[in-house]
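Heads up, the thing below is written out as structure tokens.
The values are calculated or read from the model by the stated rules, or taken from the named source; none is laboratory data. Quantities reported herein were computed from a predicted structural model and do not represent experimental measurements. Please note: Cβ atoms are built from the backbone with ideal geometry, for glycine as well, and neighbour counts cover all protein chains shown.
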Amino acid sequence: MFPLRRNRRLRTNEAIRSMVRETIITPNDFLVPLFVVEGKGVKEEIASMPNYYRFSLDLLEKEVKDLWKLGLKSVLLFVKVPDNLKDNKGTEALNPNGLMQRAIKTVKNACPDMLVMTDVALDPFSSYGHDGIVNNGMIINDSTVEVLAKMSISHAKAGADFVAPSDMMDGRILSIREALEKEGFTNTGIMSYSAKYASAFYGPFRDALDSAPVDLQNVPKDKKTYQMDFGNRLEAVRETLMDVDEGADIVMVKPGLCYLDIVREIKNVVEVPVAVYQVSGEYSMIKAASEKGWLDHDAVMIEQITAIKRAGADIIASYFAKDVVKLIS
Ligand code: PBG
């Protein structure tokens, strides 16, 4: 009781503050998303994501070596697929010599110990910009899941350590796990985007991959029939527990900042690691506000990353990974 207890004593100076700080950020916390394109010598900035780039395979090699030197030991790969290779079923996703498969090999060659996770969903390969097969204005669950399982096998064959299904179809974790077991990939892990919300914060990512749902009749304009409604909390728990039952090694909440209540809720109920994806729109907001001089970029970045970890994230997928690690080292 006051004045016997004065909480400010523990805030007197940086030495005592750092001694009692509960949440510390380290390079081990991060999973680095990387965007890959065809070509040579390509490092193109994404318009809505300042200082974030798409890399061709030759420059991807250099980038992952740089990440490794900074202590960043895992990457999450996404590919930008040329329009002429897109169709409704994501056929190109299964090409053993496709861009994703080559990207996996490129990273493993450049940096054999780098943990490689791969995005599993149809949208970058879909002529309609959906995570599943479109038929009559609907996204068809079970036939999509069949493709996702094949895609996962293809990534595992190319050398992926983990597949990361980001599609939100029902039952895909079980189907992928069974397919991996059947093909002998018993050590390939699954990081499930288990509570992924239908969020407007994904906008810049869809620019990066040119993967937004197309504006055509009989094609849904949004992803609300598979991604979750942002008003829901119990549903996130249900989705996540099912994914753990189906064989997910790591679960994920996405986006980050607006969903930290969900992160804590999930952290309290599962016994597997919890990942949080600080998504493209969260990145772009900080970049835009700091470009205008309205926010202190580094301070806001660290505060948000720390908040995500404090909420319960064991792993943070973030476009800020490199910036943070440079700042704290
Ligand atoms: C698609 C996918 C998306 C993101 C990761 N995988 C976009 C979407 O669901 O439309 C978003 C990531 C980000 O915004 O940074 N399967």
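Assorted remarks:
- Yes/no for K267 being surrounded by 16 or more Cβ atoms within 10 Å (Cβ to Cβ) and among the basic types (K, R): yes
- Matching residues, segment 190-204, being of a type in the set (F, W, Y) and in contact with a strand residue (DSSP E or B) (Cβ under 8 Å, 6 or more places away or on another chain): Y193, Y197
- Taken over segment 75-98, the criterion of being within 16 Å of the ligand (Cβ to nearest atom), touching a helix residue (DSSP H, G or I) at 6+ places or on another chain (Cβ under 9 Å) and either farther than 18 Å from Y128 by Cα or not aliphatic (A, V, I, L, M) (or both) is satisfied by V75, L77, F78, K80, K86, K89, G90, E92.
- In segment 171-193, residue surrounded by the fewest Cβ atoms within 10 Å (Cβ to Cβ) [restricted to those that are under 19 Å from the mean Cα position of the chain (by Cα) and not in a strand (DSSP E or B)]: T188
- Odd one out for N84, checked against (1) touching a residue at least 24 places away in the same chain (Cβ under 8 Å); (2) over 20 Å from the mean Cα position of the chain (by Cα); (3) part of a helix (DSSP H, G or I): (1)
- Boolean, T106 is crowded, with 20+ Cβ neighbours inside 10 Å, within 16 Å of the ligand (Cβ to nearest atom), of a type in the set (S, T, N, Q) and more than 19 Å from the chain's Cα centre (by Cα): no
- Selected residue (criterion: surrounded by the most Cβ atoms within 10 Å (Cβ to Cβ)) from residues of segment 194-229 that are part of a helix (DSSP H, G or I), modelled with pLDDT of 95 or more and near the ligand (Cβ under 8 Å from one of its atoms): F205
- T106 passes every criterion in (1) over 29 Å from V251 (Cβ atoms); (2) not in a strand (DSSP E or B) apart from (1).
- For segment 282-300, a residue qualifies if it is surrounded by 14 or more Cβ atoms within 10 Å (Cβ to Cβ) and closer than 20 Å to S199 by Cβ, and the qualifying residues are E282, Y283, S284, M285, I286, K287, A289, V300.
- Qualifying position, being without any contact (Cβ under 8 Å) to a residue 12 or more places away in the chain, of a type outside the set (G, A, S) and either in contact with a Cys (Cβ under 6 Å, 6 or more places away or on another chain) or more than 12 Å from the ligand (Cβ to nearest atom) (or both), among I153, I140: I140
- Matching residues, segment 140-174, being farther than 19 Å from T225 by Cβ and not hydrophobic (A, V, I, L, M, F, W, C): K150, S152, S154, H155, K157, G159, D161
- Candidates in segment 175-193 are the residues that are of a type in the set (D, E, K, R) and either touching a residue at least 12 places away in the same chain (Cβ under 8 Å) or over 19 Å from V272 (Cβ atoms) (or both); of these, the one that is farthest from the ligand (Cβ to nearest atom) is K182.
- Residues of segment 129-160 that are in contact with a strand residue (DSSP E or B) (Cβ under 8 Å, 6 or more places away or on another chain), outside any helix (DSSP H, G or I) and crowded, with 20+ Cβ neighbours inside 10 Å: H130, D131, G132, I133, V134, I139, A160.
- Taking segment 109-128 as the range and being surrounded by 24 or more Cβ atoms within 10 Å (Cβ to Cβ) and hydroxyl-bearing (S, T, Y) as the test, the residues that pass are T118, S126.
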